[in-house]
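Visitor: The structure follows.
The values are calculated or read from the model by the stated rules, or taken from the named source; none is laboratory data. The shown structure was predicted, so the numbers you read here are calculated from the model rather than taken from an experiment. Here the Cβ is made from the backbone with ideal geometry for all residues, glycine too, and neighbour counts use every protein chain on show. Ligands, DNA and RNA are excluded from the accessible area calculation, which covers all protein heavy atoms including side chains. Shrake-Rupley method; radii C 1.70, N 1.55, O 1.52, S 1.80 Å.
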Amino acid sequence: MHTIALLASFSYRNRWINDPLLHARLLSLTPLPLQLAFSMIHPKTQPDASRRARLFESACFKLTDWWHTTFRIEPNKGIINQTFQEVEMQRLINEQRKKRDAKGKGRAISEDKIDDSLPNSDRLRSEKSLMKHALLRKGSADTSSLLFTALCRALDIPARLVVSLQAVPWSSKSERIKSEDSEPVTNHALAEPDPSHTPQPGSPPEEHSSDTAKPRGGSKIHKRRLTLSYPFDVEPPLEGWPPVVWTEVFSRAEGRWIPIDPIRYLVDKKKMFEPPPNCRINRMMYVVAYEEDGYARDVTMRYAREYGAKTAKARASSRRGQSDWWARVIGILTRPYRLHRDDIEDAEFQSLQYIEGMPTSIGGFKDHPIYALERHLRRDEVIYPLQEIGKFRGMSVYPRSNVQRLRTAETWLHEGRIIQIGQQPLKRVAQRAHTLNRKRIVELAKADAPTEVPTQGVYAEWQTELYIPEPVVDGKVPKNDFGNINLFVPTMLPRGAAHLPFQGIAKITRQLQIDYAPAVTGFEFRKGHANPIITGVVVAVEHEDLVLSAYWESARAADQAEKAKRYERVIQRWTRLIQGLRLRKRLMEDYGTTEAVASLAKGEVPSAPGGFLTEYEGVIEHFSLPKTRIVQVHEDSLTPGDDEASPAADYDPHRSWSDPLPEENHDTVTSVTVVEERLPKTLRQYAAERSDHVQNTSKPVQQPTKMKTNRKTKRPLSSDSSTSEGETVPRPKRLRRTPLKREPRSGVRKSTRTR
């Protein structure tokens, strides 16, 4: 992931150095004689190709010399290689610094300031940052190489930006972080390195440790003490440390790329760009050259002295049988078409492999692209023919091209090849069992011969031939013992047959009563069993059009049926939604406030959530349960059959419970009646009656006479049933059903239980 991130980062920088305004600024700073030195090199003025090559190289020397003396390099800045422990420790330091500044100053420091204060920081945000460094004529070594590449492109010289990607190594024996878990350290236990100082090769080892000072808050946090050390003390080469970023210019006269290092004033010295093996801040693993059109190429082989023995092994390796991940990643940035100079460069890389020479250690022969030792062969590899090309410590050295990969007969069948008649296996290896049946076979073989290990023969590719199946005869497709046909590769298709790799086409073929065979294109191993992967069917060529037309017609019908089902589901969902909205509207009309109902009638969505009552003031009054009231009835007011003289006529439903009772005459009292006041049925009716009573205080509201009904039977009472005071209406008796006693059947004796 880090390697891909670096690729993307420098891809953006390669785009920045193509800015026309940046080119104009650099040309304005370049002396005119240097510009004319390149413009005068033309086939019309210099017909001799060798002379043009010498003039071009001389002009490159002059341009590099001027840039070397003009641009000032800021030390201790640039991209360096770090291990994962160092990157993690730097991240923890940044977090502690951010927390400390936020605690001390009351605010957190910005990330830009943290990035700028890091050692080796050379932050470039856009083309304007490069313009600033160009006008100031100072910057890091990486910035100098970027601007020099931009200047070469401004002078109409084909130039490439070459970058050695300093990715975090997969396995490194370099610097380690020493942890002391036994010591409790404080929030300031992480030491901060001096931003103005960066450890360089050649400097004495340094250790950034921490003290155990008490933090400002007084609380201690148990953490590991982090110590970063650089355990190397190496003198730099005479030419200086190799750069991470440099430039390549293309010589049209010679048809080759010339590397240029503007920091060390080196031209066409490709073997001096590889860092020494004991350098820990610069490792050469991936060297990528970005061209002006944005495409890139891997040019590591040009600069690495021992590419096959060391550099290629330092990269992240892929699993065996899988394509190289680096080849897939760099293939995205590779130009889709090839130029003539690309073919010349590939020929140069191929010649460099043979010029490299034998490794100097036994480990260097392992997985070497050119040389191989017999001791490094794998289980399924063999050297054939045994053509010796040298000796190393008494061991025969063979070319890597003679290493043959061997496979079993079953494996070759999966690749569409079978063993030739009369061929003997080149090697016998221990048999491997991946399924339960194979494991049983191996166990039975071990039981028969306990001292012998079951083996199987393996064959090379030259011992196999292409598998040719039986042809289709009279529309009959050849099948194996399981009723299907093996079609692992396209060459295994029988002559006169057609493969239809569509799901569900076997059912259509069966309905048409056409002979077919399911196509087995592979196996998947699951729970100790090998399950075949069926991909379509194989039919005769003369039946191909009929089966396809029927299949597409069935697919269209299935598609229409699916659309109908989807349409029905949509209608159901819309119906549910509309019913819910209607229910909500009815609830709002019955129990909602007046404002909510009015807004709902206008089509507005009420602001109150849910559409129900949110405020009870003016709608619900605080009350207690109704109390029993004793009403005195005068003798004169009692008239037989007069309803108004009844005690219930004096009941006013709009009277508040706190209103005083009317004055009553205690002189003549004939009877006392207990009246129980009742509440309205719903709160909405009570609110409507209350509002009408407030508006029409002068005119009392006449309550509609309601027909009296029996509470139990819910039947209306007749006029004759009206009784005078003190009389009670007899409650009707409820009829009860008496269960019928069933007599036992004749001949069946009753069962009795005894305790």
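Visitor: Kindly indicate the residue of the stretch 290-318 that is in a loop (DSSP other than H, G, I, E, B) and crowded, with 20+ Cβ neighbours inside 10 Å and also modelled with the highest pLDDT among those meeting that condition.
Guide: So, considering only residues that are in a loop (DSSP other than H, G, I, E, B) and crowded, with 20+ Cβ neighbours inside 10 Å, the one modelled with the highest pLDDT is Val299.
Condition check ((1) exposed (fewer than 12 other Cβ atoms within 10 Å of the Cβ); (2) more than 39 Å from the chain's Cα centre (by Cα); (3) under 30 Å from Val382 (Cβ atoms)) across all residues:
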{"residue": "Pro450", "(1), (2), (3)": "yes, yes, yes"}
{"residue": "Val458", "(1), (2), (3)": "no, yes, yes"}
{"residue": "Arg495", "(1), (2), (3)": "yes, yes, no"}
{"residue": "Gln503", "(1), (2), (3)": "yes, no, no"}
{"residue": "His543", "(1), (2), (3)": "no, yes, no"}
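Visitor: Moving on. Restricting attention to the stretch 326-369, which residues are charged (D, E, K, R), in a loop (DSSP other than H, G, I, E, B) and open to solvent by 70 Å² or more (accessible area, probe 1.4 Å)?
Guide: If the condition is that a residue be charged (D, E, K, R), in a loop (DSSP other than H, G, I, E, B) and open to solvent by 70 Å² or more (accessible area, probe 1.4 Å), then Arg338, Lys366, Asp367 are the ones that fit.
Visitor: While we're on this one: Given the condition out of contact with any helix residue (DSSP H, G or I) (no Cβ under 8 Å at 6 or more places or on another chain), in the same structural domain as Glu306 (by the TED database) and at pLDDT 90 or above, answer yes or no: does some residue in the stretch 350-370 qualify?
Guide: No, the stretch 350-370 contains no residue that is out of contact with any helix residue (DSSP H, G or I) (no Cβ under 8 Å at 6 or more places or on another chain), in the same structural domain as Glu306 (by the TED database) and at pLDDT 90 or above.
Visitor: Could I ask something else about it? Being open to solvent by 50 Å² or more (accessible area, probe 1.4 Å) and part of a strand (DSSP E or B): is that true of Ile533 here?
Guide: So Ile533 fits the description; yes.
Visitor: Kindly check whether there is at least one residue in the stretch 465-476 that is within 30 Å of Gln387 (Cα to Cα), at pLDDT 90 or above and touching a strand residue (DSSP E or B) at 6+ places or on another chain (Cβ under 9 Å).
Guide: yes
Visitor: Being more than 17 Å from Val458 (Cβ to Cβ), of a type in the set (Lys, Arg) and in contact (Cβ under 8 Å) with a residue 24 or more places away in the chain is the filter here; which residues of the stretch 367-405 pass it?
Guide: Arg393, Arg400
Visitor: Can you tell me which residues in the stretch 396-448 are surrounded by 13 or more Cβ atoms within 10 Å (Cβ to Cβ), outside any helix (DSSP H, G or I) and of a type in the set (Val, Ile, Thr)?
Guide: Selection gives Val397, Val403, Thr408, Ile418, Ile419, Val429, Thr435.
Visitor: Answer with yes or no whether Asn81 is modelled with pLDDT under 90 and either closer than 23 Å to Tyr286 by Cα or open to solvent by less than 70 Å² (accessible area, probe 1.4 Å) (or both).
Guide: Here the answer is yes, as Asn81 does meet what is asked.
Visitor: Select from the stretch 370-395 the residues that are closer than 17 Å to Gly357 by Cβ and either in contact with a Lys or Arg (Cβ under 9 Å, 6 or more places away or on another chain) or part of a strand (DSSP E or B) (or both) and list them in ascending order.
Guide: Result: Ile370, Tyr371, Ala372, Leu373, Gly390, Lys391, Phe392, Met395.
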